[in-house]
Amino acid sequence: MALSQESFAWVADLVRRRSAIQLAGGKEYLVESRLLPLARDLTGGDVDAYVQRVRGGGHDGEHGRIVEALTTNETSWFRDSSPFTSLRTHVLPQLLSTRGSVAHLKVWSAACSTGQEPYSLAMTLTDALPPGASFEILATDLSEQVLTRARSGRYSQLEINRGLPAPLMVRHLTRVGAEWQISDGLRRTITFRAHNLLDPPPAGARFDIVFLRNVLIYFDAATKKAILDRVRRVLAPDGALVLGAAETTIGIDDSWQRVPVGTGSVYTPSRAGAAGGAPFGAPAGGPAGGPAGGPLAGGLPSPRVAPAATPAAALAGGPPGAASLAARAPLGRAVAAAGTAGSLLPRPRPAAAQPLVPGQSRPATTPRPVPAAASGAARGARPLPNASDRNPPGRSPFDRTTYDRPTPAATPVPPTRGAQR
Amino acid sequence: MRALVIDDSRTMRRIVAGNLQQLGFETYQAEHGQDALDLLDGGLEVDLCCIDWNMPVMDGLTFVSRVRADPRWRSVTLMMVTTESEQGQIVRALAAGAHEYLIKPFTPDALRDKLEFLGLTAPAWTVEEPA
Amino acid sequence: MSTAVDTEQVYAVAAAVFAAMIDGDEGLLTPWYGDLPLVEEPLSAWVDLHGELPGRAALVCEAATAHDLTRALLMMEADEEVDDQDLVDAFGEIANVVGGNVKSLLPVQDTLGLPEVAHGHPPAAEGHVAQELRLSWRGQLIVVTIWLVG
């Protein structure tokens, strides 16, 4: 039975309350196709009956499943790009400058979702750290489900397309069937662990850098302050905290100092900044992401740092033949231009998810719905749905049978494609 | 910003050009590599070329090599937009001088991400400093 | 039967093509459950793979479905008339993107032909049917067939 308006409205309200995602009218078909796998377990595939059963009570566990089926965090590689540029051009040079040298760096990627952020951090640090320096990343998330995906380092083609520069992609990932696999070398630098930001921070470590992006927005002011307080306790006094573009400590927790870096900001514990100026003060050399090799404050010991961080140079040491790419692919210009033009402004996602089809626009909120079934299949995370009870026993809908067809007498549709061009 | 969209499929040209226009680009179109070279030779100045790989007359890889070999077009950013998605093909295109590589199918967000990283999109808005 | 491409991979390719290019959202292309309807006015689109492992990737559906796909791709209104030129180009481009991505699943580097569109079911290619996926796009049947030699 088709989804009634009443059931749709109830689901839309549930999702809006739990995730701030608006499901506009006209999305009935989408809701129906996403809830179908859930309905199969409970009501034999009748989505409307399923929603009514859940509404009737006694199935509260299903609420979470419904919200999850209709939402997921939008994740892209090098999301907003500015924080990664800041890391390279300011945070690392400052740490090197105040400490003299850095042998080993500890980074915490909090609320890491499906792993794009910690892997992007690992790619950045691999190129930006001076020779001999090593790093480790602790990546945490509340959800074991996303951690399992993140740990596997396996991504679909559509996920790979989102913001991962091609030179880094061919260097750090390998194509496996329809998907892409992160290299073992990169995976070894990251430990994935379940952690709730409302619990005490991960023990036993003092972090030099913490990325905590696009998660505070979900909490009230008191909880934000409590989380920031816990983060400060595990951050080195000269360490740096990076928040999402729409987030700030200002007005929430005054024990942080906001340091403008390029077009964005990093935050540092205020007491550390009291003596000798801000640890992450603006560099002498100009805006963030300025031309590679510019006079960075406290200059990095190796000329490798700035240029190697550009995608072209990042190819050096990649697959066979890649070294020559570094010399030939003129990427440095484009990346340097990006910095000087100041166009790597951090910002919340603009309401720019331009849909290909009118009337299917998504809300301007960052989370973006992905159906559990389709995304699972796309990643090979779970098998394709098995035969429904409407199919003969044991037959998958994809079992090949002779397709009932008339004699194949293909006749061209005028005009033929070649002719029209 | 100006972009030249090079693809033998009218459908794909319309999709790519439409997305670029949403991002504020002025767009031009060419049906294959030779068509595009002729436009550039004729004095068309662009910041970006979005290039399909498989096209009649002149394919995208040849076009990239030809543009890279000519100092007049040194400042043009070249991005492949193609279904070719074997790792070896991507490495080949980068070696020939392409700056970026977007695999079809792609979402409008993916195109914007790539252009943002290349510094070719103006930020939609900036974060206001809290009072 | 060849194991060069498996069912889930082909499904992943088709699902990604529809999510990114046609629907703007995932989840609207699903396996077809239940009995297959007879396709009364079939329209097909295909591209050929040339090289070491030649083959063909084809789609077939009702002409009305192909018109709907064309409207979705070209951002046309639901009641707008689709002319043959748009139909051939848009429907052919879907086969082209599916075929290009299927090609990258193969262990060898082949080249891709230009897409073709015709009334009727897709002409059988050389080799065997390596995959045949029956899919539902918003309740309409679309069959994706992959032929491979070897």
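The values are calculated or read from the model by the stated rules, or taken from the named source; none is laboratory data. Predicted model only: the values in this text are computed from it and were never measured. No Cβ is skipped: glycine too gets one built from the backbone with ideal geometry, and neighbour counts run over all protein chains shown. Ligands, DNA and RNA are excluded from the accessible area calculation, which covers all protein heavy atoms including side chains. Shrake-Rupley method; radii C 1.70, N 1.55, O 1.52, S 1.80 Å.
A few points about this structure:
- A count restricted to region C:2-18 and to residues that are at pLDDT below 90 and hydrophobic (A, V, I, L, M, F, W, C) stands at 2.
- Filter pass, residue A:216 being modelled with pLDDT of 90 or more, closer than 27 Å to residue A:114 by Cα, open to solvent by less than 40 Å² (accessible area, probe 1.4 Å) and away from chain B (no Cβ under 13 Å): no
- Scanning region A:198-214 for any residue that is touching a residue at least 24 places away in the same chain (Cβ under 8 Å) and in a helix (DSSP H, G or I) turns up nothing.
Residues are listed down the side, and each one gets a yes or a no for (1) open to solvent by less than 40 Å² (accessible area, probe 1.4 Å); (2) over 19 Å from residue A:115 (Cα atoms); (3) of a type outside the set (A, V, I, L, M); (4) more than 11 Å from every other protein chain (Cβ to nearest Cβ):
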| position | (1), (2), (3), (4) |
| --- | --- |
| A:149 | yes, no, yes, yes |
| A:155 | yes, no, yes, yes |
| A:159 | yes, no, yes, no |
| A:164 | yes, no, no, no |
| A:196 | no, no, yes, yes |
| A:231 | yes, yes, no, yes |
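- The residue that is modelled with the lowest pLDDT, counting only those in region A:235-264 that are of a type in the set (Val, Ile, Thr), open to solvent by less than 40 Å² (accessible area, probe 1.4 Å) and under 23 Å from the mean Cα position of the chain (by Cα), is A:248.
- Filter pass, residue A:130 being touching a residue at least 40 places away in the same chain (Cβ under 8 Å) and assigned to a helix (DSSP H, G or I): no
- Filter result (more than 11 Å from chain B (Cβ to nearest Cβ), of a type outside the set (D, E, K, R) and open to solvent by 30 Å² or more (accessible area, probe 1.4 Å)) within region C:73-87: C:78
- Subset of region C:97-111 [open to solvent by 20 Å² or more (accessible area, probe 1.4 Å) and facing chain B (nearest Cβ under 8 Å)]: C:109, C:111
- Residue C:49 being of a type in the set (A, V, I, L, M), facing another protein chain (nearest Cβ under 8 Å), open to solvent by less than 20 Å² (accessible area, probe 1.4 Å) and in contact (Cβ under 8 Å) with a residue 12 or more places away in the chain: no
- Out of C:70, C:65, one residue alone is open to solvent by less than 10 Å² (accessible area, probe 1.4 Å), within 14 Å of chain B (Cβ to nearest Cβ), hydroxyl-bearing (Ser, Thr, Tyr) and closer than 14 Å to residue C:22 by Cα. It is C:70.
- Looking across region A:39-55, just one residue is open to solvent by 70 Å² or more (accessible area, probe 1.4 Å), within 17 Å of residue A:14 (Cα to Cα) and without any contact (Cβ under 8 Å) to a residue 40 or more places away in the chain, and that is A:53.
- Residue tally, condition in contact with a Leu (Cβ under 6 Å, 6 or more places away or on another chain) and of a type in the set (S, T, N, Q), over region A:192-229: 1
- The set of residues in region C:3-42 being buried (at least 21 other Cβ atoms within 10 Å of the Cβ), more than 7 Å from every other protein chain (Cβ to nearest Cβ) and not in a helix (DSSP H, G or I) consists of C:5, C:29, C:39, C:42.
Results for (1) under 17 Å from residue C:8 (Cα atoms); (2) touching a Pro at 6+ places or on another chain (Cβ under 8 Å); (3) facing another protein chain (nearest Cβ under 8 Å); (4) among the basic types (Lys, Arg), shown as yes or no for each residue.
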| residue | (1), (2), (3), (4) |
| --- | --- |
| C:89 | no, no, yes, no |
| C:95 | no, yes, no, no |
| C:117 | no, yes, yes, no |
| C:134 | yes, yes, yes, yes |
| C:140 | no, no, no, no |
